[in-house]
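The structure that follows is given in the form of structure tokens.
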Amino acid sequence: MPRVRRRARVPSSGRIGRPDTPGTVRGRRYLRSVSWHTRRLAAFDLETTGIDVEQDRVVTAAVSVVGGGLPTASRAWLVDPGVEIPAGASAVHGISTEQARQDGQDPAEAVEQITAALAEQQLAGVPIVAFNARFDLTILDREARRHGVVPLIDRIGGPDRLLVVDPFVIDKQVDRYRRGRRTLTAVCEHHRVPLLDAHDANADALAAARVAWRMATTLIDIGGAELTELHRQQVTWAAEQAASLEEYFAAQGRPERVEGQWPCVLVAALAVA
């Protein structure tokens, strides 16, 4: 792997600067500045009933649009998933079946609003920042199809129009031999980013954006990359990381398929797999 260059100095302030010159990303208008991380970022996270992207449901969600020298605009959802929330999932995010049924929003309505919020940002050239984006975006896609909601990729003109920054994929690429876990909590700790309420969707979304910002300010090849090129690089890196993990499992005598498609597993890809 080519050596990733680090910046000589980390800015003392976490404030993201104001964008300046107009430009376009894939035909969409955006504001050009020194780096993507100085513009608006759409931080996104889901908490769910489990980890099966095909069967599990959204319980809480958050979209927080941050940076660019503008106030943060946040929206959070508590959703009635329409199914029982397993005790193990409740222990992680703190939402019980009873609470979701009593206070949660109708799932079709919530999924429509979450998808619309992300589509609005994507069409404006604002990247989605999500930690392990493959999970969140695939769950959201399946929930949309389940409830008759137009999926995100269809609203923006197809999967090739997605613009995503995933600190999970980037961290594994730039520091692949670091020992230890790669959970959001662990990655935040490594990059000195506070995470005070792990598994709260809004807290996790904002933490992912802060980790992405930290990486961009310390790694020249990440912060200096054009957004579309960084997205393409992550597609390649995610596939390589999955292949490497498959090889490791095989060497351990327990062959297992590892999904390599990123940032959203397409329905057609599943049919072929």
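The values are calculated or read from the model by the stated rules, or taken from the named source; none is laboratory data. Predicted model only: the values in this text are computed from it and were never measured. So basically every Cβ, Gly included, is an ideal-geometry build from the backbone, and we count neighbours across all protein chains shown.
Wholly within the stretch 39-78, which strands (runs of 3 or more DSSP E) include no fewer than the required count, namely at least 3 residues that are more than 23 Å from Gln102 (Cα to Cα) and in contact with a helix residue (DSSP H, G or I) (Cβ under 6 Å, 6 or more places away or on another chain)?
Fully inside the stretch 39-78 and qualifying: 40-48.
Can you find a residue in the stretch 189-205 that is more than 15 Å from Ala43 (Cα to Cα), part of a helix (DSSP H, G or I) and either touching a helix residue (DSSP H, G or I) at 6+ places or on another chain (Cβ under 6 Å) or of a type outside the set (D, E, K, R) (or both)?
yes
A further question follows. Out of (1) touching a strand residue (DSSP E or B) at 6+ places or on another chain (Cβ under 9 Å); (2) within 18 Å of Val129 (Cα to Cα); (3) modelled with pLDDT of 95 or more, what's the single condition that is false for Arg15?
All conditions pass for Arg15, except number (3).
Would you mention how many residues in the stretch 196-219 are modelled with pLDDT of 95 or more and over 16 Å from the mean Cα position of the chain (by Cα)?
3
For the stretch 152-188, what are the residues that are charged (D, E, K, R) and farther than 24 Å from Ala242 by Cα?
If the condition is that a residue be charged (D, E, K, R) and farther than 24 Å from Ala242 by Cα, then Asp154, Arg155 are the ones that fit.
Among what's in the stretch 100-132 and is among the polar types (S, T, N, Q) and touching a helix residue (DSSP H, G or I) at 6+ places or on another chain (Cβ under 9 Å), pick the residue that is surrounded by the fewest Cβ atoms within 10 Å (Cβ to Cβ).
If we take residues in the stretch 100-132 being among the polar types (S, T, N, Q) and touching a helix residue (DSSP H, G or I) at 6+ places or on another chain (Cβ under 9 Å), then Gln105 is surrounded by the fewest Cβ atoms within 10 Å (Cβ to Cβ).
Also: Just to verify a result, which residue in the stretch 230-255, among those that are among the charged types (D, E, K, R) and more than 17 Å from the chain's Cα centre (by Cα), is farthest from Ser35 (Cα to Cα)?
Ranking the qualifying residues of the stretch 230-255, first place goes to Arg254.
Do we have any residue at all in the stretch 244-255 that's in contact (Cβ under 8 Å) with a residue 24 or more places away in the chain, in contact with an Asp or Glu (Cβ under 9 Å, 6 or more places away or on another chain) and surrounded by fewer than 19 Cβ atoms within 10 Å (Cβ to Cβ)?
no
How many residues does the stretch 150-170 contain that are assigned to a helix (DSSP H, G or I) and either touching a Ser or Thr at 6+ places or on another chain (Cβ under 8 Å) or over 21 Å from Val111 (Cα atoms) (or both)?
7
Only residues that are free of Cβ contacts under 8 Å to residues at least 40 places away in the same chain and either crowded, with 23+ Cβ neighbours inside 10 Å or under 15 Å from the mean Cα position of the chain (by Cα) (or both): list them for the stretch 55-80, please.
Selection gives Val79 alone.
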